[in-house]
Structure formats: C-alpha cells, structure tokens
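Q: Structure incoming, see below.
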Amino acid sequence: MPDTRLKLDAIEQLSLDTLVASGASAANAAPLARAIMQAERDGIASHGLMYLPVYAEHLRCGKVDGTAVPDVGHPRPGVVRVDAGTGFAHPAIAAGSAPLIEAARANGIACMAVHRSYNCGVLGHHAEALAGAGLLALCFTNAPASIAPAGGRRAVVGTNPMALALPDGEGKVPLVIDQSASVVAKSEVTRHARAGQPLPDGWALDAEGRPTRDAEAALAGTMMPAGGYKGFGLGLVTEIFAAVMTGANLGIDASPFSGPAGGPPQTGQFFIAVDPAATSGAAGTGPALARLCSAIADQPGVRLPGQRRRAARARAEADGVVVDDALLARLRALI
C-alpha cells in the first residue's frame, strides 16, 4: 500500500490529538504540535512525526510534565527568565517570547534564559520566529552529552545546536543558520538505527573511540564533532550559554532525549534578541544583508543557509507531506 500524503493542518491536528491523548494539556500540546508540523513542512523528518512516539512515551512515563505551567520572570529590564517546570520547551519558549521581544525593542538588546526544560525541536524555527518580529536572534540549546573532547572517549557536551536568524527590515527573514556542534544531529543516527541502516563515514565513534558505521554502536559511543576540536569548542560555547548561564542541567547530568531511562532532562535554552534599528545606523541592515546574501547565492551551485528548508516548505504548503503508513498507523493507535 502506498504511503499517505497529508496536508499540513492534518499533521498538526494528528500531533495535537496524540499529545493530548498521551497526557498533555491542550495548552502545552498546541505549540509542540505546530513545531512538529513545521519540521515536516521544512523536510526535517527527524524532528517531525517520527519523534512524536518519543514525546508520547515521555508523557506517559513522567519524563516530561504535560501539564506544566511555565513561570516567566523579568529580573532585569533586559532579561527574561523562564522556568519550564520540567515541561515541554515549546510552551515555555512561547510564554517568554512576548516579553523578550518587548524588552529587546525597549532596550535594543535583551536575552531569555529557559531552565528545567526539554528538547526544543528545530532551534532555527525559534530563531526565525524572533526574526519575524524584526529582531536579530541568536539562540542556543544544550542536550544530553554525546560529544567527547578531542582525544577523549567520554562525552562532555551534547550535539548542542546554535541558530541565528536576521530580518531584512521589510518583513522577511532571508538568512537562517541552524547547525549543531556535531557532524549531524543525533536524531539522524537514531533514525538510521531504527531503519537498520549503516551510517555514512565520519558521523560517529563507538564506545572505544573508533570510527563506526554501525548506528547501534554509535548510540553507545559518541558523535563526531563538526570540524574536529573546533566543533567541540562550539558545543562548549553553547553549553555555557544554554546550561551554565540558565541554571539548567549540564549535558553530563541530563537524561537522554530518547527512551524512558532517567527523570526529566532539565536542559536549557538561551536566546539573545537584538533590535537592528538600535545598532545598525540610519541605513539599517537591509542593504548590507542583501549584498552579503547575493555574494553567496550568486555563485553557481551554492545556496544560502536555510534555502533548502524554504524550498521544502513551499512544496509542502502546496502539496502536503508524504507520511510513512506504518508510522501513521502507530500514531493513530496512540489516540
């Protein structure tokens, strides 16, 4: 039987129904369901419906509190602090975003620190949302430890993504950079393990520190940092922002984002929002950003960061997304 093509609103509704049936309140489920749809829309399957059974499992085993109410504080004029209450990251980030935007516009720059949080999905989507409000966004999130320092075997930092998005001053967001400290997101290794597929060379090391293409051995070992020791350094920068600066768990203390073992991971996110009008002068950022983007995109065979996601987005908005029927049956059985 062929796989099923779903419209984006159907994906969002399926996600919402599954999360609520698994124990999440509607208020907590709604922003996560939308994020799952956005991941499918942008061709990031590893953070889309494929991850929904994990969310459901974590709701049922208590690894995430589906009824948590984020506690938003404003300790300084340019600082927003959010306690996610061991709930999902998405409602916590949503709760703090409005005061963050207001503070950035009032002060020129502001930050939001989120602690006692969880996997925040595609970090670039959070950056893009802030940029859509006219602000430069620089975002960090830490994850359970999976990358060892150069020459080591014991993981110290997670894949630890960082993302940057910049508006053009005319209501568009032409540039979104979203990358992890590892060669590839760990969810991609998990996806290969579930499918019984070998990994490409250079993705991971086994528990003895040897390169491996075996996905199961990779999950028991460590991820390869992007750019060698420099990738580990970027992961360390993110760890400092997302964990040390927020009061969240370090990656070495966080439980895994997959499987029921351990309690809530209680990781963190850190967001910096800057009003370009306060820093860029009378000309604004638009002309310089346009020249920079053109210098990249005008070269044959080159694309801007985020361009592939935007192309997938356009296709999905027009035609929907093909969903594996076995996954679809599994999700419907959870409702």
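Q: Most fluctuating residue of A282, A39, A133 in a GNM of the chain with Cα springs under 10 Å: which is it?
A: A282
Q: Label the stretch 1-142 by shape, choosing from rounded, prolate and oblate, from the square roots a ≥ b ≥ c of the eigenvalues of the Cα gyration tensor; if a/c is under 1.5 it is rounded, and otherwise prolate applies when a/b is larger than b/c, oblate when it is not.
A: It is oblate, given that a/c is not under 1.5 and a/b is not larger than b/c.
Q: Quick one: grab the alpha carbon gyration tensor of the chain, order the square roots of its eigenvalues as a ≥ b ≥ c, and give me rounded if a/c is under 1.5, else prolate or oblate depending on whether a/b is larger than b/c.
A: Rounded is the answer for the chain, as its axis ratio a/c remains below 1.5.
Q: Would you mind putting 137-147, 244-254 in packing order, based on average other-beta-carbon counts within 10 Å, highest first?
A: Final packing ranking: 137-147, 244-254.
Q: Can you give me the Cα centroid spacing of the stretch 112-147 and the stretch 14-33 in angstrom?
A: 20 Å
Q: Next question. Divide by every residue of the chain the summed helix terms, -39500 (n - 2.57) for each DSSP H run of at least 4, and state the resulting mean residue ellipticity at 222 nm, rounded to the nearest 500 deg cm²/dmol.
A: -12000 deg cm²/dmol
Q: Next question. State whether the stretch 213-301 is rounded, prolate or oblate according to the following rule on the C-alpha gyration tensor (a ≥ b ≥ c being the square roots of its eigenvalues): a/c under 1.5 gives rounded; otherwise a/b larger than b/c gives prolate, and the remaining case gives oblate.
A: Values: a/c = 3.17, a/b = 1.64, b/c = 1.93.
Oblate.
Q: Take the chain, connect every pair of alpha-carbon atoms lying under 10 Å apart with a spring to form a Gaussian network, then pick out the residue of A288, A33, A45 with the largest mean-square fluctuation.
A: Of the options given, A288 has the highest mean-square fluctuation.
Q: Here is a further query. GNM, the chain, Cα, under 10 Å: largest mean-square fluctuation among A242, A89, A21?
A: A21
Q: Local charge sum around P200 (other residues, Cβ-Cβ under 10 Å, Lys/Arg +1, Asp/Glu -1)?
A: After counting each charged neighbour, the total is -1.
Q: Hey, another quick one. Can you list the residues, at least 5 places off or on another chain, whose amide H is less than 5 Å from the amide H of G73, using H built in the peptide plane?
A: So G73 has HN proximity to R81, V82, D83.
Q: Taking amide hydrogens as modeled 1.01 Å from N in the peptide plane, which residues meet the under 5 Å criterion relative to I109, leaving out close sequence neighbours?
A: HN-HN under 5 Å from I109: D275.
Q: Which of the lysines could a cross-linker span from K7 if the Cα-Cα distance has to be under 26 Å and same-chain partners fewer than 8 positions apart are dropped?
A: Straight-line reach from K7, under 26 Å: K172.
Q: What is the spin-label model distance, in nm, from E208 to R5 if the labels are put 7 Å beyond Cα along the C-beta direction?
A: Reported label-point gap for E208 and R5 is 4.9 nm.
Q: Another question about this same structure. Only loop residues by DSSP count here, and only those with at most 12 other Cβ atoms within 10 Å; note down the GluC sites (Glu not before Pro) in the stretch 207-250 that meet that. Don't jump to the answer; show the numbers that get you there.
A: Details: sites: E208, E216, E239; in loops: E208.
For GluC sites (Glu not before Pro) across the stretch 207-250 that sit outside H, G, I, E and B with at most 12 neighbouring Cβ atoms in 10 Å, the list reads E208.
Q: So, one more: Which longest uninterrupted range of the chain lacks any trypsin sites (Lys or Arg not before Pro) assigned by DSSP to a loop state (not H, G, I, E or B) and surrounded by at most 16 other Cβ atoms within 10 Å?
A: Result, exposed sites excluded: 8-152.
We did not get these values from a lab; they are worked out from the coordinates using the rules stated. Being a predicted model, the structure only gives us computed values, none of them experimental. Every residue, glycine as well, gets a Cβ built from its backbone with ideal geometry; the counts of neighbours run over all protein chains shown.
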